[in-house]
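The values are calculated or read from the model by the stated rules, or taken from the named source; none is laboratory data. What you see is a predicted model, and the numbers here were worked out from it, not measured in a lab. Ideal geometry is used to build each Cβ from the backbone, glycine not excepted, and the neighbour counts take in all protein chains shown.
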Amino acid sequence: MFAENYFKKHSYILPEIEEPPSGLLWYSVVIPVFREEGLIRVLEALSCAEKPFGKHVELILVFNHPKAVEEEIKALNRDDFEKTLGWIEQQHSSWIKYIPLWVPDLPRKFAGAGIARKIGMDLALHRFEKLERKDGVILSLDADTLVQSNYFEAIQQGLDQYPGAGGCLISFAHPISGTEFQQEIYQAIMEYELHLRYYKHFLDFTGFPWSNYTIGSCFGVRAEIYAKQGGMNRRQAGEDFYFLNKLFPHYRIITITDTLVQPSPRISDRVPFGTGPAIARMLKAKEPYLTYAPESFLDLKKLFASIESLNKFNVVEDTDFTAQLSKPMQEFLQATDFIGKLKEIKQNTRGLDSFRKRFFLWFDAFRIVKYLNFSHEQHYSRLAVDMAVRKYFALIGIQEEKPATAELLITFREWDGISEKFARPIS
């Protein structure tokens with residue numbers, strides 16, 4: 001049993017499902033559900049998707065709420081659960097099985113997207129283990145995120161092309177026009193997505209080796225890899241960022257660009273940070289989205305460009321190495337005992353390649369965020385995302401006459417393999 005040790009150490013709640021999994025089960029889609037109005041629309045999009053060749057799918061829906069939440073919200077959540085059960089009873093798919101879970105009154109300390117996603121993903125792992133299907137794919141989706149009709153087909157083709165991949169990221173595009181939402185919401189989500197793409201591409205520019213999008217509705221992981229990495233965490237938000245950044249240094253995670261998912265731009269207060277709260281803050285403040293200054297990324301680039309010199313650096317004699325770096329970076333490295341850590345890395349590596357990998361395992365995605373926040377608390381000012389992107393474009397040699405926010409976003413999307421025709425709203 002390939003996940004036996006995982007369930008001994010890491011499983012939180014494992015609901016009992018009497019009906020055994022289909023022998024053709026290869027894909028399990030996990031969807032946390034809490035105060036969701038558009039779940040049926042999401043389920044309809046999944047049920048209308050093209051069948052992956054010769055394989056079956058399970059949709060695990062984790063209806064959850066915190067123990068301390070208002071009784072009215074609990075009742076609404078229960079009503080959504082009952083409505084979903086009624087919808088499921090009307091479905092007669094030969095290849096999709098629906099598994100709705102009712103998981104109420106979660107401990108306040110952990111209640112949130114992380115633990116709900118973990119419950120569903122742990123159950124998916126358990127069912128794959130029953131089949132001894134190490135290569136089964138656990139897909140993470142949100143209850144307000146639509147998929148295109150070739151969702152399963154594109155994922156299957158991508159993973160079949162790279163059978164050694166540990167998982168996949170799936171292209172995404174928020175709706176940035178239409179009539180479903182107010183115009184100011186479309187403008188806000190446009191700026192927020194622009195920030196996500198600016199961040200990822202600027203991180204590429206710094207030389208960081210594992211710059212990827214980390215969005216909870218846009219990834220999949222092989223069952224065996226999920227177990228080996230200790231499964232999903234129980235964070236109330238940001239669980240996707242922490243989970244995926246554990247995978248990137250150790251496994252090949254491919255990006256599926258032949259389909260995309262469409263997260264909702266709606267306002268939300270269900271989690272402390274992320275898309276919904278960001279949109280809410282922007283609308284309340286009536287100001288553009290503020291992102292990290294380009295200078296902070298250039299600080300990272302200068303540090304990362306020094307890897308070869310750091311590998312040769314004598315930590316006993318050359319005590320002034322950090323003097324060549326920016327003042328914010330010097331202060332940050334001093335606060336993190338950089339010299340002591342560098343000595344430890346050098347003692348445990350041989351050659352530049354092993355030094356580089358161990359260095360980035362230390363100065364990882366989490367430490368990058370810590371530096372960016374530190375540098376803006378002490379030295380830099382955040383600026384409007386469209387202004388930051390224009391500075392980034394100028395830095396890499398793209399000169400444009402103050403393009404509109406939508407044009408900036410479309411440029412990034414095209415770099416990510418997403419055409420605007422392809423990114424049209426999903427009906």
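If I filter region 310-321 down to residues being among the polar types (S, T, N, Q) and more than 33 Å from the chain's Cα centre (by Cα), which single residue comes out as modelled with the lowest pLDDT? Among those that are among the polar types (S, T, N, Q) and more than 33 Å from the chain's Cα centre (by Cα), it is THR319. Scanning region 45-65 for residues that are out of contact with any Pro (no Cβ under 6 Å at 6 or more places or on another chain), under 15 Å from ALA124 (Cα atoms) and of a type in the set (A, V, I, L, M) yields VAL57, LEU59, ILE60. Summed over region 109-159, residues that are without any contact (Cβ under 8 Å) to a residue 24 or more places away in the chain and touching a Phe, Trp or Tyr at 6+ places or on another chain (Cβ under 9 Å) total 0. The number of residues in region 58-79 that are surrounded by fewer than 20 Cβ atoms within 10 Å (Cβ to Cβ), acidic (Asp, Glu) and not in a helix (DSSP H, G or I) comes to 1.
For region 253-276, a residue qualifies if it is within 16 Å of the chain's Cα centre (by Cα) and either farther than 16 Å from ALA173 by Cα or modelled with pLDDT under 75 (or both), and the qualifying residues are ILE253, ILE254, VAL271, PRO272, PHE273, GLY274, THR275, GLY276.
The residues of region 14-35 that are exposed (fewer than 15 other Cβ atoms within 10 Å of the Cβ) and either out of contact with any Lys or Arg (no Cβ under 7 Å at 6 or more places or on another chain) or not assigned by TED's automatic domain parsing to the domain that holds THR145 (or both), listed by number, are LEU14, GLU16, GLU18, GLU19, GLY23.
Listed by position, the helices (runs of 4 or more DSSP H) enclosed by region 98-212 that each have at least 1 residues that are within 24 Å of TYR242 (Cβ to Cβ) and in contact with a helix residue (DSSP H, G or I) (Cβ under 7 Å, 6 or more places away or on another chain) are 113-130, 183-206.
Among all residues of region 84-107, there is none that is at pLDDT below 95 and basic (Lys, Arg).
Is it fair to say GLU82 is free of Cβ contacts under 8 Å to residues at least 24 places away in the same chain, outside any loop (DSSP other than H, G, I, E, B) and in the same structural domain as GLY23 (by TED's automatic domain parsing)? Yes, satisfied.
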